[in-house]
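To start, the structure under review is shown below, and the notes come after it.
The values are calculated or read from the model by the stated rules, or taken from the named source; none is laboratory data. Fair warning: this is a prediction, and the values are worked out from it, not measured in the lab. When we count neighbours, we look across all protein chains shown, and the Cβ atoms used for this are built from the backbone with ideal geometry, even at glycine. We work out accessible area using only protein heavy atoms, side chains counted, and drop any ligands, DNA or RNA first. Shrake-Rupley method; radii C 1.70, N 1.55, O 1.52, S 1.80 Å.
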Amino acid sequence: MVTIDADRLETHAASLLRALGAPAKTTEDVATSLVDADRKGHTSHGVLRIPTYGQMIADGVLVPDAEPEVTTTDGPTAVVDGCGAFGHVVGRTAVETLAERSAQYGLATVGIRNATHLGRIGEWAERLAERELCFLSFVHTSGGGLVVAPAGSTTRRFSTNPITAAVPTFDKLPFPLVLDMATSQVAHGKLDAAEANGRPLPPEWAVTADGEPLTDPEQMGEFRDGDTWGAIRPLGGTTAGHKGTGLAVMAELFAGLLGGGPVAGQRDPDAWFTNGAFFMAIDPTQFSDREQMAAQVEAFVDHFRAADPHPEVAVGDAASGSTPLLPGEAEHRTAQNRAEEGIPLPDRVVDQLASLAVEHDIEDPFAGQ
Ligand code: NAD
């Protein structure tokens, strides 16, 4: 493990992205978002993605200098076509469209297609909740990169189809409440993290093609390896996987129907993924008084925090820490710690970024560490 200061990591990420052909403003935006994910504990959505973005560019599915196109209607709806641009640029466009139009209409929605990789969806939720807007989203991968099996099956039918919701906290907490979760037992990146750290998977996370618990992460194969490999179980696992299955179906179809991209079943499931989504922002002051809502948030948070942590009740294998936290709190705490202590990156990620730096003849900030 190597620990690196966030600013230094961001400068390095921007140089690598520049070397991959992204224009200056895009490199800044994408590097900021990737390091933001690393700061908040989501290594799976941080700088480790840069080599994958390089492959997507080489394969023509990510166009580094593309710009999203926005089509609006007379009402509160809009469509954002990412046109294959970096997803972090598409996410910013969606956020600005929602903020502008919810100010006009009280709420606003966007359907998103061709967004490549929108990254950590919680970033878009946080940006809107910090403007005191509520947020809801459903995301899919337009039929490619499927890794999750429905309850009762081992066949990959879904992506990890995240659902994200956010509520502003009206200065009553130092962070917005952001639930940002895959509808599978765990996001795919958590399997990669276990593999990078040489740890077995808990048996509830994934299943082999033969229906056995998959505990060796190497048996999972890659994103585009097809059904002969394992699959991630839906949220709820062997106890209530039907609920995760239902959430994934809804995320797939909300994102696909309203985003306008192909859904699972309309493309080769081993094709490259490209995110599509449905995002919605709501101005809560259209429904209620700000002071009243601030008091409601405060009362609820006090009530929640009064729950006693019980040492024998597990919070879950994939949770951050071992106590109940509010949605978004784990990310807030991790960001605070990492601002002081720096960002830990697994050796494998450091090696991959170092190779990319050598390939593009740019300075490697990890050299000698
Ligand atoms: P996770 O399991 O790490 O966190 C899920 C939620 O649980 C978060 O809101 C978090 O704040 C909360 N949480 C964490 N610890 C907790 C605790 N102790 N008590 C209570 N709540 C707690 O998230 P995940 O499902 O692994 O997803 C990781 C990231 O992957 C997300 O940011 C998601 O947007 C992203 N993702 C993106 C895509 C894509 O296609 N772009 C696909 C899947 C996932």
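If the label point is 7 Å along Cα→Cβ of THR3, which residues in segment 349-369 have backbone nitrogen under 20 Å from it? Backbone N within reach: 349-351, 365-369. Per residue, the average separation of C-alpha pairs within less than 8 Å and at least 6 apart gives segment 83-126 a relative contact order of 56 percent. Within segment 239-337, report the GluC sites (Glu not before Pro) that DSSP leaves as loop and that have at most 10 other Cβ atoms within 10 Å. Qualifying residues, ordered by number: GLU312.
Starting from the Cα of LYS172, draw a straight line to each of the lysines and keep only those under 27 Å, dropping any in the same chain fewer than 8 residues away. LYS172 reaches LYS40.
Rolling a 1.4 Å probe over the protein heavy atoms of the chain, with every protein chain left in place, gives an accessible area that is 51 percent carbon and sulfur. Label separation (SER288 vs GLN266): 3.7 nm, computed from points 7 Å beyond Cα along the C-beta direction.
The calculated FRET efficiency for ASP210 paired with GLU341, based on their beta-carbon distance and R0 = 45 Å, is about 0.55. Projecting the Cα atoms of ALA78, GLN104, GLY41 onto the charge dipole of segment 22-169 (Cβ charges, centred on the Cα centre) puts GLY41 farthest toward the positive pole. For the pair THR11 and SER355 in one chain, pulling the backbone fully straight at 0.36 nm per residue adds 122.2 nm over the alpha carbon distance. Considering only alpha-carbon pairs that sit under 8 angstrom and 6 or more positions apart, the relative contact order computed for the chain is 22 percent. Distance between the 7 Å Cα→Cβ label points at VAL315 and THR238: 2.6 nm.
Packing around the peptides 303-311, 189-197, taken as the average count of other Cβ atoms within 10 Å per residue, puts them in this order, highest first: 189-197, 303-311.
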